[in-house]
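Chemist: First the structure, which I've put down as structure tokens, then a few questions once you've had a look.
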Amino acid sequence: MQIQLQNISKRYNQQWIVRDVNLELTTPAKVALLGINGSGKSTLLQMIAGYIMPSFGKIKYSHHDAEIPADKIFKYIGFCAPAMELIEEYTLQEFFEFHFQYKKPLLPIADIIAYIGLQDATNKLIENFSSGMKQRVKLAQSIMIDAPLILLDEPCSNLDVHGIALYQRMIAEFAMEKLVLVSSNDAHEYEFCTQQIQISNYK
């Protein structure tokens with residue numbers, strides 16, 4: 001997987017969030033996007049995911065030497081962010097059955113549920129999950145899939161020490177050969193990254 005960011009810039013009204021981001025990222029790579037709260041880390045991650053459009057510039061994607069149209073990139077991405085909503089009217093089993101119609105899982109659903117320690121909640125409505133349980137589900141649906149690009153925004157939000165250890169194990173077992181971008185201010189979330197990008201350099 002290769003991503004090229006060419007003069008990527010984003011502004012809201014007259015305020016620039018990021019300006020002139022030029023990067024080339026290639027699998028396998030582990031990249032941390034660092035900066036103070038409100039610096040634009042999440043905005044840049046969402047532009048790479050195709051969720052929001054840059055004000056200026058272009059993002060090019062390719063996989064196995066074939067260019068990927070921007071409107072198809074979602075097929076190649078696992079994404080996790082604090083504001084991302086789960087379908088709370090579904091049970092955990094139903095949610096994964098729905099989600100994995102669009103993203104190929106790396107394990108059977110029952111094994112994924114066991115991996116994240118939620119066997120007892122398999123048939124429980126997600127609306128009744130704690131915030132930590134929901135975060136485990138978000139991580140599983142974004143990391144434990146056959147996708148070359150993993151985008152993680154504050155991935156340990158709402159996790160206790162056991163949840164953080166689960167996240168770190170999940171990365172080690174399922175994501176080390178992928179292109180992983182982590183937006184964070186917490187070293188527990190990006191300690192495996194070998195490259196760091198300071199968002200303050202793009203103001």
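We did not get these values from a lab; they are worked out from the coordinates using the rules stated. In this text, all values refer to a predicted model and were calculated from it rather than measured experimentally. Neighbour counts are summed over all protein chains in view; Cβ atoms, including those assigned to glycine, are modelled from backbone coordinates with ideal geometry.
Chemist: Once Lys and Arg get +1 and Asp and Glu get -1 on their Cβ, which of Ala165, Pro148, Tyr90 lies farthest toward the positive end of the dipole of segment 78-203?
Modeler: Most positive-ward Cα: Pro148.
Chemist: Report, please, the projected area of the chain averaged over directions, based on the convex hull of its C-alpha atoms, in nm².
Modeler: For the chain, the mean projected area of the Cα convex hull comes to 11.1 nm².
Chemist: Let me ask something additional. So how much slack lies between Ser131 and Ala172, counting 0.36 nm per residue of separation and subtracting their Cα-Cα distance, in nm?
Modeler: 12.4 nm
Chemist: For the pair Tyr90 and Ser62, how long in nm is the line joining their label points, each one 7 Å along Cα→Cβ?
Modeler: 3.5
Chemist: Give me the extension gain from Gln15 to Tyr51: residue separation times 0.36 nm, minus the current Cα-Cα distance, reported in nm with one decimal.
Modeler: Extra length from Gln15 to Tyr51 when fully extended: 11.0 nm.
Chemist: With label points built 7 Å along Cα→Cβ from the Cα atoms of Gln196 and Ala29, find their separation and express it in nm.
Modeler: Calculated label separation equals 1.7 nm.
Chemist: Shifting gears a bit: In whole Hz, what ³J(HN,Hα) sequence does segment 81-91 give by Karplus (6.51, -1.76, 1.60; θ = phi - 60°), x for Gly and Pro?
Modeler: Whole-Hz 3J(HN,Hα) from phi for segment 81-91: 8, x, 7, 5, 9, 8, 7, 6, 7, 8, 6.
Chemist: Now for a different question. Regarding segment 21-124, what is the average projected area of its C-alpha convex hull, in nm²?
Modeler: Convex hull of Cα atoms, orientation-averaged projection: 8.9 nm².
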